[in-house]
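Just below is one structure, and these are the notes that go with it.
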Amino acid sequence: MSDNSSSTVNAATSATGAPLVELPTDKELVLKVIPLPADCNANGDIFGGWVMAQVDLAGSVLCARRAQGRMATVAVNEFVFKQPVRVGDLLSFYSEVTHVGHTSITVNVEVYAERIRAQGRYLKVTQASVTYVAIDDQGRPRPLPPAAA
């Protein structure tokens with residue numbers, strides 16, 4: 001997955017030297033969450049697995065609308081941790097559908113952190129591509145319904 005999102009980079013950088021960015025305007029905000037101390041690893045950063053679970057939820061929002069029923073995650077095509085996530089960060093998850101197949105939907109998710117002591121300034125911390133498949137009540141793939149007009 002390329003890093004050509006619609007977020008623009010500011011001249012400013014974070015305390016770690018990471019570029020500050022504007023939030024994307026061509027993707028949908030689907031989730032906001034604040035990680036807590038229980039979500040930390042031994043280094044004091046948020047577990048990567050916790051971030052992955054949140055990305056899975058964020059990606060499923062647009063997929064659920066299109067699938068109009070049960071769906072399951074079938075592939076994590078790409079997952080890039082760009083910056084650590086810290087306790088107290090306000091994370092914003094932006095998603096866009098990038099591919100719709102017969103039974104599957106691929107969604108790109110970008111995650112931005114607003115540090116607790118740097119309100120209004122954003123870092124891109126994670127980006128991912130996740131594929132979901134629509135399933136029936138027996139867990140078998142089913143065709144997606146026609147797209148709404």
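With no solvent and one equal point scatterer per Cα, compute the Debye intensity ratio I(q)/I(0) for segment 19-134 at 0.09, 0.14, 0.20 Å⁻¹ and report its log10, rounded to two decimals. For the requested q values the scattering log ratios are -0.24, -0.56, -1.03. Taken along the Cα-to-beta-carbon direction at a fixed 7 Å, the label points for THR25 and VAL80 span 2.3 nm.
For a test of the definition: using alpha carbon positions, the gyration tensor, and the 1.5 limit on a/c, classify segment 32-88 as rounded, prolate or oblate. Verdict is prolate for segment 32-88. For segment 133-145, the Karplus equation 6.51 cos²θ - 1.76 cosθ + 1.60, evaluated at θ = phi - 60°, returns couplings of 10, 6, 10, 8, 5, 9, x, 8, x, 9, x, 6, x Hz by residue, with Gly and Pro reported as x. Dividing the helix sum by the residues of the chain, where each DSSP H run of 4 or more adds -39500 (n - 2.57), gives a mean residue ellipticity at 222 nm of -4500 deg cm²/dmol. Amide H contacts of THR98 (H built 1.01 Å from N, in plane; Pro and chain starts excluded): THR106, VAL107, ASN108 sit under 5 Å, all sequence-distant by 5 or more or on other chains.
Each reported figure results from applying straightforward, stated rules to the coordinates on display, with no laboratory input. In this text, all values refer to a predicted model and were calculated from it rather than measured experimentally. Note that we place each Cβ from the backbone using ideal geometry, even for glycine, and neighbour counts take in every protein chain shown.
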